[in-house]
Structures are given as structure tokens and as C-alpha cells.
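Engineer: Encoded as C-alpha cells, here's the structure I'll be asking about.
Derivation of every value follows stated rules applied to the coordinates shown; laboratory data play no part. In this text, all values refer to a predicted model and were calculated from it rather than measured experimentally. Note that each Cβ is placed from the backbone with ideal geometry, even for glycine, and that neighbours are counted across all protein chains shown.
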Amino acid sequence: MTGRVGIIVQARMGSSRLPGKVMKLVGSIPIIELLLRRLSRVKRCDIVIVATTTDPKDDPLIDHCRTIGATVFRGPEQDVLARYYQAAKAHGLDIVVRITGDCPLADPALIDEMIEEFIELEEKGQADYLNNTLEQTYPRGLDVEVFTFKALEKAYSEAKEGYQREHVTPYIWENGSLFKVVGHRADEDNSAYRLTVDTQEDLDLILAIEKELSRKGIEMVRSNLDDILQVLRDRPELVSLNKGVRQKSHKEVDERNVRVPRAVKGKSRSARPMALFRTNASSRIGMGHLTRCIALGEEMVARGWDVQFMVRGAKTGDPYSIVRRLTKGLTVLPASISQAKELDVLRRVIEEKRPTITVVDSYEIDGKYLEAVRGMGRPVAYFDDWAKVKSGMDLLVNYNVGFDRSEYRGLKLTKLLLGPKYCPLNRSVRERRSRMKGPPEQPEVARDILLTLGGGEHTSIYKTILKAISQEDWIRTVRVPTTRIKGLKDRRFQFIGFQKDLPSVIARHPLTITAGGTTCYQLACLGVPSLIFVLVENQSRTAKGLEQLGIGRDLGTARPLDRKAFIEVLHDLAHDRKSRQRMAKNAFNAVDNKGTARIVDLIEEEFM
């Protein structure tokens with residue numbers, strides 16, 4: 001289905017922080033006109049509609065819109081969901097693009113790109129809703145949402161909460177089990193910039209950008225995102241103009257002001273399901289356990305779950321920022337805590353929260369620990385990599401290659417999810433894969449290499465590998481997502497630090513050197529061949545299994561490193577395009593982006 005595509009711009013004169021903001025002047029024209037003139041450049045749109053309210057205070061806005069020839073629709077003030085539904089229905093829209101009137105710098109090229117992406121996904125049955133804010137990578141103020149009229153109609157009929165009515169789409173993106181929700185990411189993260197207009201400080205920044213563009217001879221109406229970002233890079237002090245402005249949460253509404261249509265009235269929504277995650281993270285063992293729990297938590301939150309994390313070990317680390325975006329419920333347990341004391345803490349949380357399921361991911365526990373947790377009265381799921389723990393769980397997930405049911409014969413009354421189809425990849429990987437039609441084309445020679453060994457402390461191994469590589473003059477660059485390592489001065493080595501968007505980094509490299517952990521499966525999902533070192537015992541099985549599947553090459557242990565054998569394998573594969581392309585295809589076919597959803601699907605079927 002393609003049908004009629006329409007952009008609906010919600011706008012009104014009322015604003016608690018900047019009254020009348022849509023009619024404030026930028027240069028010589030009001031914000032709403034600036035926005036509408038920019039939207040007129042969108043090619044894949046049949047109509048642009050300004051959806052405002054029936055309040056007389058909005059008459060000046062309506063008069064100006066009609067003066068410039070804009071299409072106007074008037075509907076409820078607080079129930080913006082009803083306003084969108086009525087406007088879309090009145091104009092016969094099949095696909096709706098949502099833009100808000102306080103985003104004067106909405107980018108036409110980005111909107112066209114997202115409409116095209118949505119149409120392609122929707123025609124394949126893979127999307128009901130697409131936005132670029134599931135994980136913010138664009139500047140605030142370039143928010144775009146694209147969805148079907150059917151999804152809008154279902155939300156209009158079923159959404160009960162006040163914030164769902166006022167903010168239009170939460171009912172859709174909170175219910176991943178009802179709608180196919182997809183995210184769109186930028187190639188680089190510019191989410192630190194704020195280009196929306198909620199306050200006078202925000203307006204001051206827009207005015208300053210307009211002035212700088214004019215000085216360069218660029219009309220703001222015709223400017224693109226690159227022009228605007230270049231201004232902010234050239235004049236970084238401008239960002240401080242609205243740096244202190246707080247973005248309101250989508251739940252910050254006056255629920256009393258939103259009247260729910262009679263068709264959706266009834267009992268309030270039952271208590272949200274809740275998952276409690278108990279995992280480990282540290283510089284010694286890395287962040288893999290925490291990362292795969294985060295992946296499951298992201299999917300659950302997208303479906304309307306609440307989540308809470310108990311993490312033993314590290315007090316800080318980059319993945320913790322992701323946890324804090326998912327939940328305020330984060331407890332960090334000291335590494336020295338005894339098992340008895342830890343179980344006491346866990347018992348108190350379970351008694352208070354009554355989680356739908358407790359998910360345990362740790363090498364430090366055994367069957368007795370899991371039996372104790374299950375004895376607290378709630379179901380237990382366990383992430384396994386060893387096939388050594390044989391009791392205490394209601395659900396076991398082991399996505400590593402090479403394991404089969406025969407190794408779990410002792411388990412009773414346990415659901416088993418085995419194999420790569422259940423790999424819990426994080427949202428950024430899943431979203432990147434959703435935009436791929438197949439594995440990337442391999443160059444004749446893989447001269448740009450990514451070296452990533454996971455989140456643990458691997459400085460000495462990195463150093464050993466890089467010293468071996470340094471003697472190979474055919475290599476152009478080696479990117480390493482860690483901090484700079486002392487003693488390595490080769491300019492080809494680029495230490496790029498922790499990457500929030502590692503999939504975008506992965507996609508730029510035709511070949512990766514890695515370790516046998518979760519990263520192997522991320523690489524496979526994105527169709528990237530890998531050379532796999534074994535850093536800990538359980539990775540040996542993964543490395544051998546992936547080599548048997550034609551996905552990677554098993555390099556064996558990195559301690560000590562057999563430099564001659566390593567360089568020989570690296571050189572031969574980097575210069576063998578056909579082998580790399582075959583490996584990329586095998587990898588892309590072996591690991592898809594649905595493993596996380598499959599796990600949550602089963603949890604919802606069995607334990608809710």
C-alpha cells in the first residue's frame with residue numbers, strides 16, 4: 001500500500017513556556033510559515049495540513065495560514081490524537097507524517113528519505129510506524145514520525161491514557177506487540193543539538209542561526225541540515241544559548257484536560273508487566289552480560305513493560321547510560337557482596353515489585369542460586385553460554401552455535417531457546433539491519449579493518465595484535481573502539497573510543513578482527529566477515545562453530561599470539577574478495593534481527 005501521503009503539522013497559539021510561539025518572527029516571516037515553506041520542498045507528499053484547534057485564540061494562526069494558501073483543519077485542543085485522526089480521515093490519507101509546529105527547521109530531505117523507507121518496509125509487511133526518535137541521533141527539532149492511517153485509527157480507538165491522547169503516537173510505539181515499530185538513525189550522532197522552539201532561549205538560537213546563514217548568503221527556507229550543522233560547528237558558542245532548556249517528557253500532561261472519547265472509555269489499563277534483570281559488568285569480564293540484558297529490556301520497554309536492573313561489579317560504564325534511559329530502577333551491587341546478602345536484596349525487590357519474570361545473566365551463579373531465586377515465587381529466565389547450570393530456571397536462552405538439546409537433558413519444566421535465531425541484539429543493530437537488503441558488497445582488497453574485542457580490559461591484547469599488524473603496509477586504516485594505547489604511534493591506527501552507534505562503524509569496514517563473544521553475532525547480523533580470537537574458554541566453541549558455518553575464521557588463542565599464522569590468515573582473506581563475499585552472505589543469512597523479539601514473544605506467551 002502506498003496511497004495518499006500527507007504531512008499533518010500540529011500547531012496552536014497556546015504554549016505554557018512561550019505563548020504564541022508559532023507566530024514569532026524568524027527574519028521577516030512567522031515560524032509556522034518558515035516551517036510550511038520548508039515542507040513544501042518535500043517531494044513524496046501529496047498534501048500538508050495544519051491541524052489546529054477550535055479555540056478562538058487560534059484564529060490569528062488560521063488567518064495567516066489561509067493567507068499563504070495553507071490547508072487548515074480544526075479539531076480538539078487537548079485530544080491531539082483525535083485531531084490527527086479526524087484530519088487524516090477528512091483528507092483521505094493512507095500514510096501520515098507527523099511534524100510539530102515548534103520545529104521550524106524540519107528537514108525536507110530527511111522527511112523524503114523516511115517516507116521512502118517507510119513505504120518500502122510497509123509494502124513488505126515490516127512496518128506500521130517509523131520514527132527517528134526511538135534512539136535520538138538527530139538534533140531535537142528534526143523529529144519525524146511516519147505511520148499508516150490504520151495504526152492511527154487503532155490508536156484513536158484504543159488509547160486511554162491522557163498522555164497517549166495529547167502526544168498522538170505513544171500508544172503505537174509503546175505497544176510493539178500490536179504494531180510493527182521501526183526506528184531510523186542518522187549516520188552520525190547529532191542529538192546534542194536542540195533546534196526546537198519551546199522557550200525564548202530556543203528562539204534565540206534559531207534567530208542566531210538565521211543570522212549566520214544570511215551572512216553566508218543562504219536563505220533559511222532553502223537551507224539543509226548540513227548548512228545548519230555547519231553553523232553550529234563554526235560557532236559552537238551558540239549552542240550555549242539553549243543548553244539549559246529541559247525537554248519535557250511525553251508523559252508530562254495535565255490528564256484532567258484530556259477528554260477520552262466514549263469509544264475508548266472503560267477500565268483503566270491493567271498494571272504493566274515488569275522484568276527484573278540481575279547481571280554482571282566489569283572491566284575484567286566486560287559488558288556483554290549487561291549489553292544483552294539491555295537488548296531484551298529495550299524490546300520490553302517498547303512493548304509497554306517496566307524494567308529494573310541489578311548489576312554486580314562496575315559502578316560506571318558507557319552501557320549504564322542506556323540503562324538509565326530505560327529505567328530509574330538501577331541498583332549496582334558491590335563486587336564483594338556475599339551471595340547470601342545479594343539474595344536478601346533480590347528477595348526484597350521481588351517481594352516489592354512482583355516482577356513478571358526475573359532474568360539472570362551471570363557466570364558467578366549456579367543452580368542453587370537460581371533455585372533460591374525461583375523460590376521467591378516468580379518465574380526465572382537464564383542466559384547460558386556453558387551448558388553447566390542444570391536447574392533453577394523456567395526459561396533458558398543459549399544463542400551460541402554448537403549447542404543442542406542433548407546437553408540439557410537434566411532440565412525439567414524448562415523452555416529452551418537455542419541457537420543464533422535467539423540472539424538478543426540491541427536496538428541499534430536491529431534497526432541498522434532492518435534497512436539492509438543484503439550483505440554489503442566487498443571491495444577487491446579489505447584495506448580498512450575494524451579491531452574490536454568487546455567491553456573488557458584488553459589493552460595488552462590490542463597492543464599485541466596492533467604491533468603485528470603495523471608491519472603490513474597494504475593496510476590503510478585500523479579503527480579500534482577503545483581509548484588510545486600508549487606506545488603505538490602508527491598513524492593508521494585510529495582509537496575512536498566507545499561508540500554509541502557501533503553498527504554504523506561496523507558497516508564501514510569490510511573485515512573485522514574480534515573475539516568470540518556477542519560482537520560476533522552483531523557482525524554476522526550486519527553481514528561482516530570476522531577473524532575471531534579466543535580470549536576465554538567458552539569462546540572456543542563459538543569460534544569453531546562460526547567457522548563451520550562459513551561466517552568467520554577461528555584464530556585460536558591470542559595469548560600467546562602466533563604472529564606468522566595470524567598475519568597469513570589476515571592477508572589471505574583481505575585479498576580474497578570472493579571468500580569474503582561468501583562469508584558475508586552466510587553471516588547475513590545465519591543471524592537476523594528478530595532474536596530479541598522472539599525471546600520476548602515467548603515470555604509474553606508463557607508467563608503473562
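Engineer: What is the distance in Å between the Cα centres of the range 77-134 and the range 318-367?
Structural biologist: Cα centroid to Cα centroid, the span is 39 Å.
Engineer: Where does helix 577-590 land angle-wise versus the long Cα axis of the chain, in degrees 0 to 90, nearest 10?
Structural biologist: The answer is roughly 70 degrees.
Engineer: Continuing with this model, one more query. Can you give the FRET efficiency to the nearest 0.05 for Glu153 and Ser15, using r as the Cβ-Cβ distance and R₀ = 30 Å?
Structural biologist: Values: r = 29 Å, r/R0 = 0.95.
Computed FRET efficiency for Glu153 and Ser15: 0.55.
Engineer: Any idea what angle helix 288-302 forms with the longest principal axis of the chain, computed on alpha-carbon atoms, 0 to 90 degrees, nearest 10?
Structural biologist: So the helix axis and the longest Cα principal axis differ by about 30 degrees.
Engineer: If you stretched the chain out fully between Ala192 and Ser321, how much longer would it get, using 0.36 nm times the residue separation minus the C-alpha to C-alpha distance?
Structural biologist: Numbers: separation 129, 0.36 × 129 = 46.44 nm, distance 1.46 nm.
Length gained between Ala192 and Ser321: 45.0 nm.
Engineer: Please sort 71-79, 548-556 by packing, taking for each peptide the average over its residues of neighbouring beta carbons within 10 angstrom, highest first.
Structural biologist: On the way: 71-79: 18.2, 548-556: 19.8.
Top of the packing list down: 548-556, 71-79.
Engineer: Set the Förster distance to 45 Å, then compute FRET efficiency between Ser177 and Ala340 from the Cβ-Cβ distance, nearest 0.05.
Structural biologist: On the way: r = 38 Å, r/R0 = 0.85.
Plugging the Cβ-Cβ distance into 1/(1 + (r/R0)^6) gives 0.70.
Engineer: I would also like to ask the following. Filter Lys57/Lys89; Lys211/Lys243; Lys160/Lys415; Lys180/Lys585; Lys180/Lys421; Lys463/Lys564 down to the pairs with a C-alpha to C-alpha distance above 23 Å, please.
Structural biologist: Working: Lys57/Lys89 25 Å; Lys211/Lys243 19 Å; Lys160/Lys415 35 Å; Lys180/Lys585 26 Å; Lys180/Lys421 19 Å; Lys463/Lys564 16 Å.
In this structure, Lys57/Lys89; Lys160/Lys415; Lys180/Lys585 exceed 23 Å between Cα atoms.
Engineer: Oh, and also: Any idea how far apart Leu602 and Gln126 come out in nm if each label point goes 7 Å out from Cα toward Cβ?
Structural biologist: Result: 2.4 nm between the two label points.
Engineer: Can you tell me what share of the DSSP beta bridges in the range 86-241 is antiparallel? A percent to the nearest 5 is fine. Walk me through the intermediate numbers first.
Structural biologist: Values: 7 of 11 bridges.
Bridges in the range 86-241 are about 65 percent antiparallel.
Engineer: Which of the aspartates and glutamates could be linked to Lys216 by a straight reach, that is with a Cα gap under 14 Å, when you skip same-chain ones fewer than 8 residues away?
Structural biologist: Asp226, Asp227, Asp234
Engineer: Specify the angular offset, from 0 to 90 degrees and rounded to the nearest 10, of the alpha carbon long axis of helix 108-123 from the longest principal axis of the alpha carbons in the chain.
Structural biologist: That works out to roughly 60 degrees.
Engineer: So if each residue of separation counts as 0.36 nm, and I subtract the Cα-Cα distance between Arg476 and Val569, what length gain in nm does that give?
Structural biologist: Values: separation 93, 0.36 × 93 = 33.48 nm, distance 1.74 nm.
Result for the pair: 31.7 nm of gain on full extension.
Engineer: Can you sort Met436, Met220 from fewest to most other Cβ atoms within 10 Å of each residue's own Cβ? Intermediate results must be reported in sequence, preceding the final value.
Structural biologist: Numbers: Met436 14, Met220 22.
Fewest-to-most ranking of Met436, Met220: Met436, Met220.
Engineer: Counting alpha carbon pairs within less than 8 Å and at least 6 residues apart, what relative contact order, in whole percent, applies to the range 84-230? If you can, show how the numbers build up before the last one.
Structural biologist: Details: 184 pairs, mean separation 41.1, N = 147.
Answer for the range 84-230 is 28 percent.
Engineer: Could you check the simple spin-label distance between Lys578 and Lys412, using points 7 Å along Cα→Cβ, in nm with one decimal?
Structural biologist: 5.6
Engineer: Among bridges DSSP assigns within the range 5-191, what percent are antiparallel (round to 5)?
Structural biologist: Details: 9 of 28 bridges.
That works out to approximately 30 percent antiparallel.
Engineer: Modelling each spin label as a point 7 Å along the Cα-to-Cβ direction, I'd like the Val505/Lys437 distance in nm, to one decimal.
Structural biologist: 2.9
Engineer: Among DSSP beta bridges whose residues both lie in the chain, state the antiparallel percentage, nearest 5.
Structural biologist: On the way: 10 of 76 bridges.
Taking every DSSP beta bridge with both residues in the chain, the antiparallel ones total about 15 percent.
Engineer: How much length is gained if the chain between Arg222 and Ser40 is pulled fully straight, taking 0.36 nm per residue apart and subtracting their Cα-Cα distance, in nm to one decimal? It would help to have the intermediate numbers written out before the result.
Structural biologist: Values: separation 182, 0.36 × 182 = 65.52 nm, distance 1.06 nm.
Residue separation times 0.36 nm, minus the Cα-Cα distance, leaves 64.5 nm.
Engineer: Here's a follow-up. Residues with amide H under 5 Å of Thr137's amide H, sequence separation 5 or more or different chain, H placed in the peptide plane at 1.01 Å from N; which?
Structural biologist: Excluding prolines and chain starts, which carry no amide H, the hits are Ala186.
Engineer: Name the residues of the range 111-147 whose amide N is less than 19 Å from a point 7 angstrom out from the Cα of Ile47 along the C-beta direction?
Structural biologist: Hits in the range 111-147 for Ile47 at 19 Å: 146-147.
Engineer: Note down the relative contact order for the chain as a percent, whole number, built from C-alpha pairs under 8 angstrom at least six residues apart. Working shown, then result.
Structural biologist: Numbers: 1131 pairs, mean separation 59.5, N = 608.
It rounds to 10 percent for the chain.
Engineer: Once the Cβ-Cβ distance between Arg405 and Val536 is put in as r, and R0 is 22 Å, what FRET efficiency do you end up with, to the nearest 0.05?
Structural biologist: 0.35
Engineer: Here is a follow-up. Over the range 438-590, what relative contact order in percent results from Cα pairs under 8 Å that are six or more residues apart?
Structural biologist: On the way: 262 pairs, mean separation 42.2, N = 153.
Here the relative contact order equals 28 percent.
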